[in-house]
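Engineer: Dumping the structure here so I can ask a few things about it.
The values are calculated or read from the model by the stated rules, or taken from the named source; none is laboratory data. Since the structure is predicted, the reported quantities are computational estimates derived from the model, not experimental observations. Every residue, glycine as well, gets a Cβ built from its backbone with ideal geometry; the counts of neighbours run over all protein chains shown.
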Amino acid sequence: MSSDHYDQSVFTQHPVQSGASIVDHIYAMPSRVVIEGVFSDAMDSYQNGQYSSGSGSKSTNAYLQFLSIKDGRQPLTLATQLKTYTNMQIESIRAPKTYRSFTSVPMTVVFKQIILATTATTTTSSRPDQSQTTSGNQTQSNYVPPSLLSSYTSTPNAAPPPSAPNIPNPNPNWSSDPVGMAD
């Protein structure tokens with residue numbers, strides 16, 4: 001009967017420094033598609049026997065099948081006239097029943113996109129869990145030449161760091177206890 005498509009971006013509310021990439025301060029929200037339709041017992045299925053399996057009417061079986069898809073929690077591909085969405089999931093299903101919909105089920109199905117993140121990874125070793133161990137699972141030691149070792153050691157004549165000056169308290173009767181309960 002109808003479909004509403006929602007694609008939204010969120011912008012930062014903070015000032016962006018001049019010269020900064022504005023792309024870093026805008027991100028896309030998950031796409032949402034709201035589809036309203038009616039499944040009638042009088043109408044034949046688009047595919048023969050599509051909603052006639054199980055007990056109950058065709059419209060009830062269609063509703064139960066959408067619930068099964070939602071409860072399966074599998075990402076879906078939703079194809080509409082405007083756009084094909086990937087990684088969609090049924091967020092909610094609304095099916096109000098009244099005396100007017102005795103032989104049908106009007107449904108509102110809300111689809112929401114699952115945004116998948118990808119990160120760049122770098123392989124540093126063909127055997128990352130074995131790169132620092134030997135066959136006996138002992139840590140490998142590295143040899144440092146004495147010429148390099150002497151340039152990185154501290155000198156014995158280095159002065160100790162300065163200590164804080166010892167200044168007496170100008171008000172020895174002062175207390176942080178406002179009531180005077182401390183001894």
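Engineer: Could you check the range 49-86 and list, in sequence order, the residues that are assigned to a loop (DSSP other than H, G, I, E, B), modelled with pLDDT under 90 and surrounded by 12 or more Cβ atoms within 10 Å (Cβ to Cβ)?
Structural biologist: Once the filter is applied, which keeps residues that are assigned to a loop (DSSP other than H, G, I, E, B), modelled with pLDDT under 90 and surrounded by 12 or more Cβ atoms within 10 Å (Cβ to Cβ), the range 49-86 yields GLN50, TYR51, SER52, GLY56, SER57.
Engineer: In the range 96-119, is there at least one residue being surrounded by 10 or more Cβ atoms within 10 Å (Cβ to Cβ), assigned to a strand (DSSP E or B) and without any contact (Cβ under 8 Å) to a residue 60 or more places away in the chain?
Structural biologist: No, the range 96-119 contains no residue that is surrounded by 10 or more Cβ atoms within 10 Å (Cβ to Cβ), assigned to a strand (DSSP E or B) and without any contact (Cβ under 8 Å) to a residue 60 or more places away in the chain.
Engineer: Go through the range 19-43 residue by residue and tally those that are modelled with pLDDT of 85 or more and surrounded by fewer than 10 Cβ atoms within 10 Å (Cβ to Cβ).
Structural biologist: 0
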